[in-house]
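Undergrad: Sharing a structure with you now.
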Amino acid sequence: MSSYYHEDDLARFGEMGKNAPELWEKFQDWYGAVFEEGALSQREKSLIALAVAHAVQCPYCIDAYTQDCLQKGSNLDQMTEAVHVASAIRGGASLVHGLQMRNVTQKLSM
Amino acid sequence: MQSLLRQQHPLAVPGEQLRVLNDPALAHRSFDDALERSGLHPLTSTGIEVLQINVGKLCNQTCKHCHVDAGPDRNEVMTRETAALCMAVLEQTEIPTVDITGGAPELNPQFRWLVSESKRLGRHVMDRCNLSVLLLPSQKDLGTFLAHYQVEVVASLPYFMAAYTDAQRGEGVFDKSIEAIRLLNGLGYGREGSGLELNLVYNPVGAFLPPPQASIEADFRRELLVRHGVVFNSLYTITNMPISRFLEFLLRTDNYDRYMQKLVQAYNPAAASGVMCRNTLSVGWDGVLYDCDFNQMLDLPVSFGAPVHIRDFVHDRLDQRRIVTGQHCYGCTAGAGSGCGGTTV
Ligand code: SF4
Ligand code: SF4
């Protein structure tokens, strides 16, 4: 195996239904419902998915939701801003944990 | 940029495009098979409601995705004689709509005669316009002419931002398009109550499928009004067909297989039953008859015993004809479908 990740594997996602078909079906139904037009538009949901894909750093999801965002009519300006939102939350989340560091230091210090 | 023909590119030849589309090494499920499974095989016409006249390949632009391989370097144009044959057919029949396309159809000297004749016969006329043509010095009075004859303008604008539109249609085309829309708006086009329809056409700037029509229409309406102060009636989304210059792009960028896969996966029987060839008859610049403009570019004339030239037109032999289909037809049946009037479901 030359790499852990393969582009072709994205199309094989459905194979995950093989040993637990009922769970897979539940996942599929729920996933489909999540992305339907609702209080948020499909285009907005796709941008959120793209941002989350970057936060969880999943190359399959980044590939799939880059295509999906384009297919929902988003442009690269909007998609780049979505990635910045994900990155800002990631960065902020690290930084805000600095308070734990400060709390521990405070407790230990004279 | 030059046309594929001028570049002497192998894909300038329709046979080479068909070879790629039918290549067993790149094979996807056959379109006829898909039709069969939806109970639509063989696909037949439901009656001619639109006479689509392609007056030739001459165009002032050379867009990267053009399925006609049109451009300033093409000189195949319809003559008066062939145009007269089209009008004779119109007179003999009650086909309600005439859809004039190209190239840039307005550059053909027969264009205005076709419009005035069709209107004299009381038919609805559509002009597939690239917008920038309205700014050419030779076409200064084109807007007024179109408005006078109440021609419906169907105009390409792939995106509401300059960078994307220009990437597909050429440097500076977006600004010219906006200027042309402003000119048309000034004549009443796109304004409610004027009776002058201006419909825009979105098509993806790349190897992906179009968004839902209603959602992208809302984005276009908002953005074009806020950024440029221009208005339009409806937006039609059209899928890029895997033929001609778009096929060349797909192959060159190694996107062909994935794009075809996407089209095949998105096959929708409802879209298949509403494909535009079922109510359209397409005439080439030389008078040859086709089921649609795409078949025209692939050199696939009407078949199965139907007359193949406008001079031999017999309504009853064309009205319920069997349609010539191929792998490219997946471009019309993906998702919500795609035709010259946008989605088909
Ligand atoms: S897409 Fe239309 S405007 Fe562009 S080159 Fe082709 S015919 Fe001309
Ligand atoms: S490509 Fe032409 S013949 Fe094929 S489905 Fe589309 S309109 Fe019909």
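Undergrad: Compute the accessible area of each residue in the range A:32-73 twice, once for its chain alone and once with every protein chain present, using a 1.4 Å probe on heavy atoms, and list those whose area falls by at least 50 Å².
TA: A:GLN67, A:LEU70, A:GLN71, A:GLY73
Undergrad: Per-residue HN-Hα couplings for the range A:49-65, Karplus 6.51 cos²θ - 1.76 cosθ + 1.60 at θ = phi - 60°, whole Hz, x for Gly and Pro?
TA: Computed from phi, the couplings for the range A:49-65 are 4, 5, 5, 5, 4, 6, 5, 8, 6, 9, x, 5, 5, 4, 4, 5, 7 Hz.
Undergrad: Also: Quote the Stokes-Einstein diffusion coefficient, in whole µm² s⁻¹, for the protein assembly as shown, based on the Kirkwood radius over alpha carbon pairs, a temperature of 20 °C and a viscosity of 1.002 mPa s.
TA: 89 µm²/s
Undergrad: Considering all alpha-carbon pairs of the range B:4-333, what whole percent are spaced by more than 24 angstrom? Intermediate values should be presented prior to the final figure.
TA: Numbers: 29680 of 54285 pairs.
The calculated P(r) of the range B:4-333 puts 55 percent of pairs beyond 24 Å.
Undergrad: Cα centroids of the range B:221-239 and the range A:1-53: how far apart, whole angstrom?
TA: 32 Å
Undergrad: Return the single residue from A:HIS54, A:HIS84, A:HIS97 with maximal mean-square fluctuation; model: Gaussian network over chain A, springs between Cα atoms under 10 Å.
TA: A:HIS97
Undergrad: Further question on the same structure: Have a look at the range B:50-95 and give its Rg and Dmax from the Cα atoms, expressed in angstrom.
TA: Spelled out, the Cα radius of gyration and Dmax of the range B:50-95 are 13.3, 39 Å.
Undergrad: Now for a different question. Which FRET efficiency value, to the nearest 0.05, is calculated for A:PHE27 and B:ASP32 with the Förster distance at 51 angstrom and r the Cβ-Cβ distance? Provide the component values of the computation, followed by the final result.
TA: Details: r = 35 Å, r/R0 = 0.68.
The computed FRET efficiency comes out at 0.90.
Undergrad: Now for a different question. Which aspartates and glutamates have a Cα less than 18 Å from the Cα of B:LYS119, not counting those fewer than 8 places away in the same chain?
TA: In chain and number order, the partners are B:GLU49, B:GLU91, B:GLU94, B:ASP99, B:GLU106, B:ASP127, B:GLU152, B:GLU197.
Undergrad: Once you place label points 7 Å from the Cα toward the Cβ at A:ALA11 and B:ARG191, how far apart are they in nm?
TA: 5.2 nm
Undergrad: 5 Å is the cut-off here: which amide hydrogens, built 1.01 Å from N in the peptide plane, fall below it relative to A:SER41, excluding neighbours closer than 5 in sequence?
TA: none
Undergrad: Please tell me the relative contact order of chain B in percent, rounded to the nearest whole number, where contacts are Cα pairs under 8 Å and at least six residues apart.
TA: The value is 23 percent.
Undergrad: Same structure again: Taking a probe of 1.4 angstrom, what is the accessible area of B:LEU281 in Å², to the nearest 10?
TA: 0 Å²
Undergrad: Follow-up. Under the rule of -39500 (n - 2.57) per DSSP H run of 4 or more residues, summed and divided by the residues of chain A, what mean residue ellipticity at 222 nm is obtained, to the nearest 500 deg cm²/dmol?
TA: Computed mean residue ellipticity for chain A: -21500 deg cm²/dmol.
Undergrad: Normalising by the residue count of chain A, find the relative contact order in percent from Cα pairs under 8 Å and 6+ residues apart.
TA: Taking the mean separation of contacting Cα pairs over the length of chain A, I get 21 percent.
Undergrad: Out of B:ALA70, B:ALA104, B:ALA84, any idea which swings most in a Gaussian network model of chain B, alpha carbons joined below 10 Å?
TA: In the Gaussian network model the winner is B:ALA84.
Undergrad: For an R0 of 30 angstrom, estimate the FRET efficiency from the Cβ-Cβ distance between B:MET1 and A:HIS97 and round to the nearest 0.05.
TA: Using R0 = 30 Å, I get an efficiency of 0.05.
Undergrad: Could you tell me the relative contact order of the range B:143-247? Use alpha-carbon pairs under 8 Å, at least six residues apart, and round to a whole percent.
TA: Taking the mean separation of contacting Cα pairs over the length of the range B:143-247, I get 30 percent.
Undergrad: What are the ³J(HN,Hα) couplings of the range B:110-117, residue after residue, when phi is run through the Karplus curve with 6.51, -1.76, 1.60 and θ = phi - 60°? Round to Hz, x for glycine and proline.
TA: So the J values, rounded to whole Hz, are 7, 3, 5, 5, 4, 5, 5, 5.
Undergrad: Enter the angle in degrees (range 0 to 90, nearest 10) between the Cα long axis of helix A:21-34 and the first principal axis of the Cα atoms of chain A, meaning the one along which they spread out most.
TA: Helix A:21-34 sits at roughly 80 degrees to that axis.
Undergrad: Turning to a different aspect of this structure: Calculate the radius of gyration of the Cα atoms of the range A:41-110 to one decimal place, then report Dmax, the largest Cα-Cα distance, as a whole number, both in Å.
TA: Final numbers for Rg and Dmax: 17.0, 59 Å.
Undergrad: Given H placed on each backbone N at 1.01 Å, which residues far from B:ILE53 in sequence or on other chains put an amide H within less than 5 Å of it?
TA: Result for B:ILE53 returns B:ASP99, B:ILE100, B:THR101, B:VAL283.
Undergrad: What residue among B:LEU131, B:LEU187, B:LEU298 has the largest mean-square fluctuation in a Gaussian network model of chain B, using Cα springs under 10 Å?
TA: B:LEU187
Undergrad: Okay, moving on. What nm value, rounded to one decimal, do you get for the distance between A:LYS18 and B:TYR149 when each label is placed 7 Å out toward the C-beta?
TA: Here the answer is 6.3 nm between the modelled labels.
Undergrad: What would the Debye equation give as log₁₀ I(q)/I(0) for the range B:194-345 at q = 0.09, 0.13, 0.18, 0.19 Å⁻¹, counting only Cα atoms as equal point scatterers?
TA: For the requested q values the scattering log ratios are -0.34, -0.69, -1.11, -1.17.
Undergrad: Using θ = phi - 60° and the Karplus relation 6.51 cos²θ - 1.76 cosθ + 1.60, list the HN-Hα couplings for the range A:77-90 in order, rounded to whole Hz, with x at every Gly or Pro.
TA: With coefficients 6.51, -1.76 and 1.60, one gets 4, 5, 5, 5, 4, 4, 5, 5, 4, 4, 5, 5, 5, 4 Hz.
Undergrad: Which residues' amide hydrogens lie under 5 Å from the amide hydrogen of B:TYR159, considering only partners 5 or more residues apart or on another chain, with H built in the peptide plane?
TA: Under 5 Å from the amide H of B:TYR159 lie the amide H atoms of B:THR165, each far enough along the sequence or on another chain.
The values are calculated or read from the model by the stated rules, or taken from the named source; none is laboratory data. Not measured: the values here are computed from a predicted model. Methodologically, a virtual Cβ is constructed for each residue, glycine included, from the backbone with ideal geometry; neighbour enumeration extends over all protein chains shown. Protein only, heavy atoms only, side chains kept; ligands, DNA and RNA dropped before computing areas. Shrake-Rupley method; radii C 1.70, N 1.55, O 1.52, S 1.80 Å.
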